[in-house]
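Novice: This is the structure I want to talk about, given as structure tokens.
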Amino acid sequence: MAEAGAESQTVQEYIVHHLSYLTYGRHPDGHWGFAHTPEEAAEMGFMAIHVDTMGWSLALGGAFLLWFRYIGLRASADNPGAIQNFVESIFEFVDNRVTEGFLHKNSLIGPLALTVFVWILLMNTMDLVPVDWITGIAALIGEHVFGFDHMPFKIVPTTDPNITMGMSLSIFALIIWYSIKHKGLGGFLGELAFHPFGKWMVPFNLMIEIPTLIAKPISLGLRLFGNLYAGELLFLLIAGLLGIWQLPAHFAWAVFHLLVVPLQAFVFMMLTIVYLNAAHDAAH
Amino acid sequence: MDINLTIIGQSVAFAIFCWFCHRYVWPLFANVLEERKRTIAEGLEAAAQAELKLESASRQSTEQLEEAKTSAAGIIDQANRRAAQIIDEAKQQAQVEAERVMAAAQAEIEQEANRAKEELRTQVSSIAIAGAEKILGRAVDQAANEEMLTQLAAEL
């Protein structure tokens with residue numbers, strides 16, 4: 001699977017190529033355009049967007065929602081077809097987790113959990129697509145149509161920390177919002193300052209509680225990113241180093257990854273539910 | 001890690017997707033499942049009702065059967081009694097009739113006997129005279145012996 005690139009690239013170049021993003025952003029001279037080398041991408045700093053991961057993220061999320069809506073509109077209570085049963089089983093799975101884990105009334109949590117679970121599941125599943133198929137085709141198109149030299153094209157959005165942290169920070173914003181809404185600003189700050197050791201230990205309490213609070217979104221986003229990034233990297237190493245022996249190795253790692261892909265989506269969803277449930281707990 | 005505008009793009013996309021899911025996807029399935037739950041509950045309810053109805057119907061039919069049996073037994077009993085009564089009556093009537101017939105027969109016999117006696121009585125004097133005439137070889141004056149003959153006839 002790495003043959004196409006391996007002839008003209010060293011293994012290191014191959015892996016760097018696969019770990020780079022197709023970046024569109026503002027060049028240091030002020031004009032906007034694609035970065036043609038990793039160095040150019042690095043120079044863009046914050047004012048850049050990863051066209052590949054962002055695009056796959058939007059495409060997969062949009063496909064999931066439109067497909068679910070399509071099935072939902074044709075859903076019948078009396079005579080469900082196979083596809084409807086499949087979608088319903090996902091829906092019920094998520095709904096049961098929400099019912100178990102979220103003990104308050106909030107109609108947003110169910111849809112949020114469903115979106116998180118299915119979207120992340122789809123994004124993670126992209127990791128099981130052989131590493132050079134889409135990336136290789138995109139690199140060819142980039143080279144011949146747009147004049148790129150080794151155009152990077154990453155297809156697994158969850159190996160981009162922007163994607164995972166974008167979601168976990170959104171959930172963090174919801175945690176803060178619902179905490180203040182249900183506990184009041186005083187209640188929320190009080191929870192940080194007066195727990196676990198009462199008002200005489202405020203600095204110590206803050207030292208414990210603030211990292212605890214901040215650790216939630218960071219661990220949530222980085223756990224997902226780390227698992228998928230490591231998985232992707234191992235696929236790349238196998239493809240870059242093992243030659244023909246990569247086939248059984250890819251298979252073995254893909255089988256293991258079949259567990260990681262849904263597990264990480266599930267963990268992200270469960271923690272979202274649990275964190276938001278805690279944010280709704282008025283009496284701590 | 002190169003954090004850039006993508007993180008904002010993803011956050012915005014996440015918000016929009018959640019809103020879309022909340023507004024256009026989640027209710028569809030929630031409604032379908034709710035509707036199915038209701039249908040099943042109604043079906044089970046109807047089945048329970050039907051079972052109750054069946055039970056009451058079978059109880060009613062058993063009761064009616066029991067009632068019919070009782071009434072049939074009553075009717076048979078009554079018929080038996082009536083038959084016995086009729087036979088008794090017939091026997092009684094027959095006995096009465098027999099007695100009546102016997103009495104009539106006895107009366108007739110007595111009457112006949114009396115008549116025969118009477119006839120004998122009226123003929124005894126002439127027999128006696130005829131007998132005496134044979135014995136004496138001459139006519140006997142009936143008038144002269146009238147008193148004796150009457151006495152003889154009365155003794156018979």
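Novice: Give me the angle, in degrees from 0 to 90, between the Cα long axis of helix A:161-194 and the longest principal axis of the Cα atoms of chain A, rounded to the nearest 10.
Specialist: So the inclination is approximately 10 degrees.
Novice: Read phi for every residue in the stretch B:139-152 and hand back ³J(HN,Hα) as whole Hz from Karplus 6.51 cos²θ - 1.76 cosθ + 1.60, θ = phi - 60°, with x for Gly and Pro.
Specialist: Computed from phi, the couplings for the stretch B:139-152 are 6, 9, 6, 5, 4, 5, 9, 4, 5, 5, 5, 4, 4, 4 Hz.
Novice: Give a residue-ordered list of calculated ³J(HN,Hα) values for the stretch A:54-71 (Karplus: 6.51 cos²θ - 1.76 cosθ + 1.60, θ = phi - 60°; whole Hz; x for Gly, Pro).
Specialist: 4, x, 5, 4, 5, 5, 5, x, x, 4, 4, 5, 5, 5, 4, 5, 4, 5
Novice: Over all directions, what mean area does the Cα convex hull of the stretch A:61-203 project, stated in square nanometres? Mind showing how you got there, number by number?
Specialist: Numbers: hull surface 57.7 nm².
Mean projected area of the Cα convex hull: 14.4 nm².
Novice: Here's something else I'd like to know. Please name which of A:Ala113, A:Ala249, A:Met207 has its Cα lying farthest along the dipole of the protein assembly as shown towards the positive end, using unit charges on Cβ (Lys, Arg +1; Asp, Glu -1) and the Cα centre as origin.
Specialist: Most positive-ward Cα: A:Met207.
Novice: Whole-Hz ³J(HN,Hα) for each residue in the stretch B:79-90, computed from phi via Karplus 6.51 cos²θ - 1.76 cosθ + 1.60 with θ = phi - 60°, x for glycine and proline: what do you get?
Specialist: The phi angles translate into 4, 4, 4, 4, 4, 4, 4, 4, 4, 4, 4, 4 Hz.
Novice: Report, to the nearest 10°, how far helix B:5-20 tilts away from the longest principal axis of the Cα atoms in chain B, using its own Cα long axis and a range of 0 to 90°.
Specialist: Between the helix axis and the principal axis of chain B, the angle is about 20 degrees.
Novice: If you take the alpha carbon radius of gyration of the stretch A:195-253 and divide it by 2.2 N^0.38 Å, what ratio comes out, to two decimals?
Specialist: Dividing the Cα Rg of the stretch A:195-253 by 2.2 N^0.38 Å gives 2.05.
Novice: Ratio of alpha-carbon Rg to the 2.2 N^0.38 Å globular estimate for chain B, to two decimals, please.
Specialist: Working: Rg = 61.0 Å, N = 156, 2.2 N^0.38 = 15.0 Å.
Taking N as the residue count of chain B, the ratio is 4.07.
Novice: Run the numbers on the stretch A:173-268 and let me know its relative contact order in percent, using alpha-carbon pairs under 8 Å that are six or more apart.
Specialist: Values: 37 pairs, mean separation 16.6, N = 96.
The value is 17 percent.
Novice: May I ask for the Kirkwood hydrodynamic radius of the protein assembly as shown, worked out over all distinct Cα pairs and given in angstroms to one decimal?
Specialist: Details: mean 1/r = 0.0320 Å⁻¹.
Across the protein assembly as shown, the inverse of the average 1/r is 31.2 Å.
Novice: With runs of 4+ DSSP H residues as the only contributors, calculate the mean residue ellipticity of chain A at 222 nm using -39,500 (n - 2.57) per run, divided by the residue total and rounded to the nearest 500.
Specialist: Numbers: 10 runs with 202 residues, N = 284.
Mean residue ellipticity at 222 nm (helix-derived): -24500 deg cm²/dmol.
Novice: Above 22 Å lies some portion of the pair distances; for the stretch A:163-284, what is it as a whole percent of all C-alpha pairs?
Specialist: Working: 3729 of 7381 pairs.
Roughly 51 percent, rounded to a whole number.
Novice: What relative contact order, as a whole-number percentage, does the stretch A:109-239 give when Cα pairs under 8 Å and 6 or more residues apart are counted? Show your work: numbers first, answer last.
Specialist: On the way: 99 pairs, mean separation 37.1, N = 131.
Relative contact order of the stretch A:109-239: 28 percent.
Novice: Further question on the same structure: Return the whole-Å distance between the Cα centroid of the stretch A:217-284 and the Cα centroid of the stretch A:79-136.
Specialist: 15
Novice: Sticking with this one: Using alpha carbons only, how many angstrom separate the centre of the stretch B:8-77 from the centre of the stretch B:120-156?
Specialist: Using only Cα atoms, the two centres lie 125 Å from each other.
Novice: Also, quick follow-up: Check cross-link reach from A:Lys181 to the lysines: straight Cα distance under 22 Å, and skip same-chain residues fewer than eight apart.
Specialist: The reachable lysines, counting only those whose Cα sits under 22 Å from A:Lys181, are A:Lys105, A:Lys216.
Novice: Would you mind counting up the charge near A:Ile273? Only other residues with Cβ under 12 Å from its Cβ, with Lys and Arg at +1 and Asp and Glu at -1.
Specialist: Here the charged neighbours net out to -1.
Novice: Still on this structure, I have one more. What is the set of long-range amide H partners of A:Phe148 at a cut-off below 5 Å, with H atoms built 1.01 Å from backbone N?
Specialist: Close amide H contacts, sequence-distant or interchain: A:Glu143.
Novice: What does the highest-first list of B:10-17, B:90-97 look like by mean Cβ count within 10 Å? Provide the component values of the computation, followed by the final result.
Specialist: On the way: B:10-17: 19.1, B:90-97: 10.0.
Those peptides, ordered most packed to least, come out B:10-17, B:90-97.
Novice: Now for a separate question. Excluding B:Glu51 itself, calculate the net charge of residues whose Cβ lies under 14 Å from the Cβ of B:Glu51, where each Lys or Arg counts +1 and each Asp or Glu counts -1. It would help to have the intermediate numbers written out before the result.
Specialist: Numbers: positive: B:Lys53, B:Arg59; negative: B:Glu45, B:Glu55.
Taking every Cβ under 14 Å from that of B:Glu51, the sum is 0.
Novice: Compute the angle between helix A:202-241 and the longest alpha-carbon principal axis of chain A, please, reported from 0 to 90 degrees and rounded to the nearest 10.
Specialist: The helix A:202-241 is inclined about 20 degrees to chain A.
Novice: Can you check what the net charge comes to around B:Met148, using other residues whose Cβ is under 14 Å from the Cβ of B:Met148 (Lys, Arg +1; Asp, Glu -1)?
Specialist: Values: positive: none; negative: B:Asp141, B:Glu146, B:Glu147, B:Glu155.
Around B:Met148, the charge tally is -4.
Where a number appears in this text, it was derived from the coordinates with a stated rule and is not lab data. In this text, all values refer to a predicted model and were calculated from it rather than measured experimentally. Quick reminder, even Gly has a Cβ in these numbers, built from the backbone with ideal geometry, and neighbours come from all protein chains shown.
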